Amino acid sequence: MSQDNNSGSTLLLTFLAGAALGALVVGLTTPKTGAEVRNDLKALGRKARRKAGELADEAEEAWETMKDRTAHAATDLKRGVKDAASDLRG
């Protein structure tokens, strides 16, 4: 399970690093004024922040779902063990 969390973190960091690198390349190769480039970078930053927020919301939702499923599974397991112990006792 921790591998899944690492995978999500790696994906997010890779996305953000790619966005930053892309912004740098665009800034260095586009014939725009400084103000235009700054505005473009600000827009890109807002877009990256929004996407990171969406990914965080999705991760939180997945975490809550997994937590609920685990709690239900633990309850079912506990009930099954109690029933099995009761059956063994007679």
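The values are calculated or read from the model by the stated rules, or taken from the named source; none is laboratory data. Quantities reported herein were computed from a predicted structural model and do not represent experimental measurements. Virtual Cβ from ideal backbone geometry, glycine too; neighbours counted across all protein chains shown.
Please find, among 59, 23, the residue that is closer than 25 Å to residue 8 by Cα, at pLDDT below 85, surrounded by 12 or more Cβ atoms within 10 Å (Cβ to Cβ) and touching a Gly at 6+ places or on another chain (Cβ under 9 Å).
23
In the range 26-56, which residues are surrounded by 10 or more Cβ atoms within 10 Å (Cβ to Cβ) and either at positive phi or of a type in the set (Ser, Thr, Tyr) (or both)?
Result: 30, single match.
Say we look at the range 26-50 and pick out the residues that are touching a helix residue (DSSP H, G or I) at 6+ places or on another chain (Cβ under 9 Å) and within 17 Å of residue 15 (Cβ to Cβ); which of these is modelled with the highest pLDDT?
That would be 47.
Residues that are assigned to a helix (DSSP H, G or I), among the basic types (Lys, Arg) and out of contact with any Phe, Trp or Tyr (no Cβ under 9 Å at 6 or more places or on another chain): does the range 26-34 have at least one? Write out each step before concluding.
Taking the range 26-34 first, the residues assigned to a helix (DSSP H, G or I) are 26-29, 34.
With among the basic types (Lys, Arg) added as a condition, the list becomes none.
No, there is no match, as no residue in the range 26-34 is assigned to a helix (DSSP H, G or I), among the basic types (Lys, Arg) and out of contact with any Phe, Trp or Tyr (no Cβ under 9 Å at 6 or more places or on another chain).
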